[in-house]
Structures are given as C-alpha cells and as structure tokens.
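First comes the structure, then the notes that go with it.
The values are calculated or read from the model by the stated rules, or taken from the named source; none is laboratory data. For clarity, every value in this text was computed on a predicted model and none was experimentally measured. Note: ideal-geometry Cβ built from the backbone for every residue, glycine included; neighbour counts use all protein chains shown. Note: areas computed on protein heavy atoms with side chains; ligands, DNA, RNA excluded. Shrake-Rupley method; radii C 1.70, N 1.55, O 1.52, S 1.80 Å.
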Amino acid sequence: MTRLARIPFAAEALLVLVVIAAFFAFPYNLAFVTRILIMVLFVLSIDLVLGFAGIATLGQAAMYGTGAYAAGLFAVHVTAAPLPGLVVGMVAGAILAVVSGLVLMRTKGLTLIMLTIAVAQICHEIANKARDVTGGADGLRGIRMEPVLGLFEFDFIGRTAYWYVAVVVFVVFLALRRLAAAPLGLSLRGIHESPERMTAIGAPVYRRQVLAYTLGGGIAGIAGALAAQVTQLVSLEVYSFTLSAEALIMLILGGTGRLWGAIVGTVLFMTVHHVAASADPFNWLFLIGFLVLGVVFFLPGGMIRLPAALMRLGRRS
Amino acid sequence: MTTGLQVRGLQKRFGGIVVADDINVDLPSGARVALIGPNGAGKTTFSSLITGKLTPSAGEITLDGRDIRPMGEAERVRAGIAKTFQITTLFRDLTVRDNLRLAAQERDGRARAWFRRADSWADVEDEIAAQLAAFRLAPLGDKRVSDLAYGQQRLVEMAMTLMLKPRVLILDEPAAGVPSSDSHLITDAIERLPDDLAVLIIEHDMKLVFRVARSIIVLVNGRILTQGAPEDIAADQRVRDLYLGAHHG
C-alpha cells in the first residue's frame, strides 16, 4: 500500500478495477457483492467516527437504521427516485447524529459506549411501536424504486443496484480520502490522540467531535438508504446491536483510521461469513473469533498492515 | 489600557481548603517571570487558573485589559495564552511537521476545511520550516514524535506552542525529565523566545531559573511569599530557608 500510495490515484484505480472485476467474476452473486459494498460504506462511517476522531461507538446502527427508514418512507410516500431518497437518508442519519451527539459527546469511555447502544435501542423501540408508519416487526414494505436518474431500471439480477451502490460508495470514499488529508482530518486525528493537547492549541474539541459524529451519521444514513432502496425492505434489524458490533469487528480486522482498513476488513469478514456459514451455519463465528484474536495479537494495525509485516518478516529471515 | 496579563487578588478554594490566595502578578509584553516554590505550593494550580482549566473563587484575570474569566480553555488559547505541559503532551503518532501544522491551522481558523490538503498552504509550510530551523529540528520534521528523544519532544512542544503566536507563554517545568546532557537545548530555546512574548516559567531547576528569569515569584502554601529580581530573591533568607536551600549557594 505504501508504494501504491506514491503513485497518484493508483489506489483508487485499483479499487475501480476490483469493482469491475467483481461484477464479471460473480454475475450470479451480485446481490451479495452489493451487500458487501453497502457494508463497506457503513464501516467507513465508523472509521470516520472511531478510527479518526476516536469516538468509541457501538450504536452506529442508529444512524444506519434511521437513514434506511427515512429513505424507505420517502420512497413510499413522496417519490421513489433513488437519488433524492439517498439525500433524505443522509440528512436523517446526520440529524439523529447531531441531536444525540450533542449529549453523547459530553461523555467518554464506557458511558459513551453504553449511551450509543441506548440510542440505537431507543430507535429500535420507536420503530417497533410506530407500527402504522414503519410496519413494526413486519418491516416497511411497498418500496418500489424508480430507475436511477430516470434511465437505469433496477433489474432482477441486481446489475443496476450493483453499479448504483458502487458509484455511491466510490464517491463517498473519495470524499473521505480528501477529508483525511485535509485540515479537518488532521484535526480529528489530533483529537483521537490527545483531546487535552487539542484544547491547549485552541481547538473546540467538543464541537469538532459533534461534527465528526454528524458526518459519520450522514454516511451511515446513506448506507442505510442504499440498503432500503436495493432490498426494497426495511426491517427492525437495521437497528440491531449485532449490526453495529459486526461492523466494528470488520473495522478492527481491517485496521482503524486508514479508510482502506474498512474495505479490507468488510470484504474479509463478509466473505468468511458467507463461505464458513455455508459450510457450518452453527460454528462459523469461531473462525471470525480466531481471525480477530490473530489480528489483535499479531497485527494490531489490522490486515491492512499484513503486507508490510510480511515484508519485515522476510527481511529478518 | 494595560497590556499583557494581569492577575489581581486571585483565590481558589476547594471547600474549606484555600490552595491559592491573594495572588497578584503582572506579565507585560517581554516579561520573563519565574514561578518557584516547594512541591504543593500551588504553582500548577495558579497555571490552571490562568489557562482556564480551573475557575477562580475570587479575583481578576485580564489580558490587555479584557476580563478573560468567562472564557473556556480553548478560547483563552485563541485570545493569546498558551502553555506547555509538565509532562510533554504531543500527538505522538503524527510527524513533527503535522504537530506544528495542527497548531497553525487552529490559529488561522482553517481546521474545519475538508477539501484542500492540509499541507497546501505555502505560507504555513514556510512558517513551519522556519520554526523547525529555529529550534534546530529541521532534520526531524518528517519523523514521528514517538521516535524522538524526550529532550527533542520538549523542543517540539515549545515550537508547536509558538506556532500559535501567543502573547503569553506558560512553560510548566520545561526541563523536567530532560537529561542533563540535553538541558542546554531547553535553556537555549527559552533564551531565543521572541522579545515581545510574555513568559511565565514554572520550574524547579534553579540554574535554569536564574539564567533566564528577570523576575522571580516565590509561592508558598498558595500565597506569594516574595517577588523581585533574581539577585534579591537569591539574597532573601526566607527563600533560602524555605526553598532554595543547598540549590543556590
């Protein structure tokens, strides 16, 4: 990755090639690959919040779910055009993040983690009780999306969905890469490393954490909106603790604070899940457990550091 | 209008315990004042009251005639009061250059920019290069802070704080933890600080204090015992008995 980073846009070009290759390599599994892409976006949102700004969260599903319900309801009641729905999902996720973030960012450590979980659980219960609006435990149905840009119909195999999601994920990824190299990205890394020092150089740490949480919420909202539009269903599972926790594991597997780690970790987790769960639906989590242990003990920087670690090992031997 | 930092009748209580009482200090532009006193005298408390980490129970703190008591910590930094920590506090996983860049972007209000590269402001990059050269850190600019020796980290902290272009600089034990072989680096750096900067040095190293300070305040049990020129303080028998002892003979 280090050598790749020296060539301008080489990494981005490689990503585009992988996305194109995946389209041709898995023509009958596009729904699964699309799900991976949506999950990549969701994990990227956690990377911004946790990996960059150092905000510990186990409740990012709150924003994902809110984005999903907002986009779903918008498609059912207002317009089924995908792009406005995406914006609505993003705004809904960001609004929930800013409102909850104003309280959550006053806390830290275990209290913060527990409160993030609580926010997702409250959203879950609201969605469950508001059965008339959300469909409750049966889920929100009746979402029929119009063609993307009025041109590309969502097809049965999922080709349009795949390209639609891929383009959105790529655009958000590029924006995040830009943000990571910009003053705001540097500032968030500073807050992650030492909030005390950031205050001592005059940074409004609390406000900036709320900003990071809101941006992360907006991206999670986009991921949720994509999921709603592509699957044409929103269930209560969008608020589940498992979703937040699994996404966090994906990020830890790949490596935090580097964006690429979110991609590598998600692809690895979901592929292992897909393959191992088909072979043994009851014990597949063991494999994930071993992977996480391996990363924590031998690659604390995540799988993204594997090539560098192997090279070091090679040089030593 | 009075320029610089003025402290009048400053007091801090924690319940019935008074940790700072009736402290009066002037730090005009260009001042080099040392604050000394035995452990527990209230030096760090005083520094925390100035920076806004603690709220005074009574008294006034003004900067250029403006009451800064309602300001939070970060706001006071933006107003011109900066400090270095007793234990070096830096962004250890970032490069030396990034540490200085962070300070500059906060100072200039650019920290929320998200589309332009952080290293694309030529004027700031020139300023960082000049600051690194001034502290003889230029060859270390691209190194991660965690890879530097402690003395070098002390210099980085001072260089970063100066990037804020403060008017008042509080150095909290700048030589603490620095090996004696490197302590001249710190002393030299303090001597090269801008002439118009008001500096308050909280320090136990009397060699350093008597070399750089033009005025010394002796704090005991939260109160000022005496203050004056270094030679007067050195001659004061109470100070010799209470604090200096064998340090300064």
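Things to note:
- Single residue of region B:85-102 satisfying the filter (more than 8 Å from chain A (Cβ to nearest Cβ) and out of contact with any Gly (no Cβ under 8 Å at 6 or more places or on another chain)) that is nearest to A:Arg189 (Cα to Cα): B:Asn99
- Condition check for A:Val171 on (1) within 14 Å of another protein chain (Cβ to nearest Cβ); (2) open to solvent by less than 20 Å² (accessible area, probe 1.4 Å); (3) under 25 Å from A:Pro27 (Cα atoms): one failure, at (2).
- Some residue of region B:87-97 being farther than 20 Å from A:Phe52 by Cα and in contact (Cβ under 8 Å) with a residue 12 or more places away in the chain: yes
- Test: B:Asp108 is surrounded by fewer than 22 Cβ atoms within 10 Å (Cβ to Cβ), closer than 30 Å to B:Ala149 by Cα, in contact with a strand residue (DSSP E or B) (Cβ under 8 Å, 6 or more places away or on another chain) and within 14 Å of chain A (Cβ to nearest Cβ): no
To keep it simple, each residue is scored yes or no on (1) crowded, with 24+ Cβ neighbours inside 10 Å; (2) within 28 Å of A:Gly101 (Cβ to Cβ); (3) of a type outside the set (Val, Ile, Thr); (4) in contact (Cβ under 8 Å) with a residue 60 or more places away in the chain.
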{"site": "A:Val19", "(1), (2), (3), (4)": "no, no, no, yes"}
{"site": "A:Ala22", "(1), (2), (3), (4)": "no, no, yes, no"}
{"site": "A:Phe26", "(1), (2), (3), (4)": "no, no, yes, no"}
{"site": "A:Phe32", "(1), (2), (3), (4)": "no, no, yes, yes"}
{"site": "A:Leu37", "(1), (2), (3), (4)": "yes, yes, yes, yes"}
{"site": "A:Leu41", "(1), (2), (3), (4)": "yes, yes, yes, yes"}
{"site": "A:Ser45", "(1), (2), (3), (4)": "yes, yes, yes, yes"}
{"site": "A:Gly51", "(1), (2), (3), (4)": "yes, yes, yes, yes"}
{"site": "A:Thr57", "(1), (2), (3), (4)": "yes, yes, no, yes"}
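- Odd one out for B:Leu49 among (1) more than 14 Å from every other protein chain (Cβ to nearest Cβ); (2) part of a loop (DSSP other than H, G, I, E, B); (3) of a type outside the set (Ser, Thr, Tyr): (2)
- Some residue of region A:98-108 being farther than 28 Å from A:Pro204 by Cα and of a type in the set (Gly, Ala, Ser): no
- Per-region count, region A:188-232, residues away from chain B (no Cβ under 14 Å), part of a helix (DSSP H, G or I) and open to solvent by 30 Å² or more (accessible area, probe 1.4 Å): 2
- Checklist (1) within 14 Å of chain A (Cβ to nearest Cβ); (2) of a type in the set (Gly, Ala, Ser); (3) not in a strand (DSSP E or B) applied to B:Ala82, failing item: (3)
- The strands (runs of 3 or more DSSP E) falling completely within region B:142-249 that include 2 or more residues that are more than 30 Å from A:Thr199 (Cα to Cα) map to B:223-228.
- Test result for B:Phe115, in a loop (DSSP other than H, G, I, E, B), in contact with an Asp or Glu (Cβ under 6 Å, 6 or more places away or on another chain) and within 14 Å of chain A (Cβ to nearest Cβ): no
- Residue in region B:124-142 that is open to solvent by less than 10 Å² (accessible area, probe 1.4 Å), closer than 24 Å to B:Ser215 by Cβ and touching a Gly at 6+ places or on another chain (Cβ under 7 Å) present: no
- Any hit, region B:66-73, residues being of a type outside the set (Lys, Arg), modelled with pLDDT of 95 or more and surrounded by 22 or more Cβ atoms within 10 Å (Cβ to Cβ): no
- Residue match in region A:265-275 (condition: polar (S, T, N, Q), within 22 Å of A:Glu12 (Cβ to Cβ), surrounded by 20 or more Cβ atoms within 10 Å (Cβ to Cβ) and at pLDDT 95 or above): yes
- Residue in region B:160-169 that is under 22 Å from the mean Cα position of the chain (by Cα) and open to solvent by 60 Å² or more (accessible area, probe 1.4 Å) present: yes
- Single residue of B:Gly30, B:Gly40 found to be more than 9 Å from every other protein chain (Cβ to nearest Cβ), open to solvent by less than 20 Å² (accessible area, probe 1.4 Å), out of contact with any Gly (no Cβ under 8 Å at 6 or more places or on another chain) and closer than 29 Å to B:Gly151 by Cβ: B:Gly30
- Members of region A:35-60 found to be more than 21 Å from A:His274 (Cα to Cα) and among the aliphatic types (A, V, I, L, M), listed by number: A:Ile46, A:Leu48, A:Val49, A:Leu50, A:Ala53, A:Ile55, A:Ala56, A:Leu58
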